[in-house]
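Below: the structure, in structure tokens.
The values are calculated or read from the model by the stated rules, or taken from the named source; none is laboratory data. None of these values were measured; they are calculated from a predicted model. For neighbour counting, all protein chains shown are included, and Cβ atoms are generated from backbone atoms with ideal geometry for every residue, glycine included. Just so you know, the surface numbers come from the protein's heavy atoms only, side chains and all, with ligands and any DNA or RNA stripped out. Shrake-Rupley method; radii C 1.70, N 1.55, O 1.52, S 1.80 Å.
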Amino acid sequence: MKLHEYQSKQIFSRYGIPIPKGSVANTASEVRQIAGELGGKVVVKSQVLVGGRGKAGGIRLAKTPEEAEELATSILAMEINGLPVRKVLVDEAINIDKEIYLGVSIDRGAQLPVMLASALGGVDIEQVAKESPEAIIRVYIDPLLGLQDYQARDIAVGIDLPKVFWKSFAEICKGLWKAFCDIDATLAEINPLVITEENHLTALDGKVVVDDSALFRHPDLVEVRDFDYEYPAEIQARKYNLIYIKLDGTIGCMVNGAGLAMASMDVIKELGGEPANFLDIGGGAGAEKVTAALRIILSDPKVKAIMINIFGGITRCDEVARGVLNAINEVKPAVPIVVRLAGTQAEQGRKILAGANVVTASNLIEAAKTAIKLAKDEPE
């Protein structure tokens, strides 16, 4: 789950990280009022969960409340990368002397959290990593010990931060680390963290991504989730506790278990096909859940064939088969369906599907080859 800039900065502020004075507005008249309260010179920033807001004209500097209102009128009427702008953040204008990048993420290779910093702030860290990898400082954090003072100093030295800022920088690093842990984030970044002309460190922009698996611990964040940037099918999948991720291929996949789902997608790719999604129905899925899963897959117009790969352990293959039949009767799919069942009640499941308009396969390779062939035979 991604958080908006204003939400991320509100969290940072609770952990002692300095942020500009500002407020969120839904209308241009609110922007004018906030700008007046902040002294007139403000930055009006669109709140959408995509990059490139500045290049699209979604971040503008206003010198007066009247100008802020005029700019807000324009910004609130925009769509940026297909997403409508529903809110703007009105921040006091900051006199910037230097921009820094600071973030915490998970290094899956090292299996550790890592704090990243760069003196080249204000641009995408991915771009810095590609063009100037030596400019990124990495410090790995033992989650049992937390970020240590010497590590924060090492980062400060690594980005050539003047010594006068080391103490406040260390406090910001510790605050960012604590926020990252407390909200179960997979990413928490400040870009840029600026040195102002008045010699203060301020988090000018913020980004937080929270682990979906931990949202049950954060009902306050769930309540403010922005669904605009999510695919409708992914929103629908959550209602049925399905794990669904849309991809760009033509072969819809329904599998029980994340590992088997990944293996199924790998086999499709290896054999020359392209999976249209990742969909894990989980263990113990009943007919209703399977019906919902198939309906979600079929909502993607790119899907030309569907491969269902079920290994029955907790999940019973006969229940999956009933769900497939229910979905076929309800949705009446126009694309071919290939089903591979193995394990608990697999024989009963195959009998249930015997009269249905589906193709059965005895193993994963056969199922994938059949699905790929049928997808290629489907008219565009």
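Tabulated data
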read-out: Estimated D of segment 232-377 in µm² per second, where Rh is the Kirkwood radius over Cα pairs and Stokes-Einstein applies at 25 °C, 0.890 mPa s; value: 170
read-out: Estimated vicinal HN-Hα couplings, Hz - segment 201-211 in sequence order (Karplus 6.51, -1.76, 1.60; Gly, Pro = x); value: 9, 9, 7, 7, 9, x, 9, 9, 10, 9, 5
read-out: Neighbourhood net charge (12 Å Cβ-Cβ; Lys/Arg +1, Asp/Glu -1) for ALA68; value: -3
read-out: Sequence-distant aspartates and glutamates (8 or more away, or on other chains) whose Cα lies within less than 14 Å of LYS376; value: GLU274
read-out: Cβ-defined net charge surrounding GLN47, 14 Å radius [Lys, Arg +1; Asp, Glu -1]; value: +2
read-out: With every protein chain in place, the chain: carbon and sulfur % of accessible area (1.4 Å); value: 51
read-out: Cross-link pairs LYS87/LYS167; LYS2/LYS239; LYS130/LYS373; LYS174/LYS239; LYS63/LYS130; LYS55/LYS178 - those with Cα-Cα distance over 30 Å; value: LYS87/LYS167; LYS130/LYS373; LYS174/LYS239; LYS63/LYS130; LYS55/LYS178
read-out: Answer label for P(r) over Cα pairs in 10 Å bins from 0, in percent (calculated), chosen among [x] 5, 20, 23, 20, 17, 11, 4, 0; [y] 4, 20, 29, 26, 14, 5, 1, 0; [z] 5, 25, 35, 24, 9, 1, 0; value: [x]
read-out: Among 165-175, 318-328, the order from most to least packed when residues are scored by Cβ within 10 Å on average; value: 318-328, 165-175
read-out: Per-selection metrics, segment 171-273 (Cα): Rg and Dmax in Å; value: 19.2, 61
read-out: Neighbour net charge for ASN191 - beta-carbon separation under 9 angstrom, K R +1, D E -1; value: -3
read-out: Ordering of 138-149, 3-14 by burial proxy (mean other Cβ atoms within 10 Å per residue, highest first); value: 3-14, 138-149
read-out: Distance histogram for segment 21-92 (every C-alpha pair counted, 10 angstrom bins, percent rounded to whole numbers); value: 25, 57, 17, 0
read-out: Label-to-label distance, nm, for residues given as SER362 and THR196 (7 Å Cα→Cβ offset); value: 7.4
read-out: Cross-link reach list, aspartates and glutamates versus LYS41, counting only Cα pairs under 13 Å and skipping chain neighbours closer than eight places; value: GLU66, GLU67, GLU69, ASP91, GLU92
read-out: Two-site label geometry, ASP211 and LEU144: point separation in nm, points 7 Å out along Cα→Cβ; value: 1.8
read-out: Surface per residue (accessible, 1.4 Å probe) for the chain, Å²; value: 48
read-out: Solvent-accessible surface ranking, highest first, for CYS317, CYS181 at 1.4 angstrom; value: CYS181, CYS317
read-out: Straight-distance crosslink candidates among lysines, where the alpha carbon sits under 24 Å from LYS369 and sequence neighbours closer than 8 are dropped; value: LYS246, LYS269, LYS302, LYS304, LYS332, LYS351
read-out: Alpha-carbon Debye profile of segment 96-223, log10 I(q)/I(0) at 0.11, 0.19 Å⁻¹; value: -0.37, -1.08
read-out: Label point distance in nm, GLN10-ILE235, each placed 7 Å from Cα along Cα→Cβ; value: 2.0
read-out: Calculated from backbone phi, Karplus (6.51, -1.76, 1.60) coupling profile of segment 113-119 in Hz, x at Gly/Pro; value: x, 9, 9, 10, 8, 8, 6
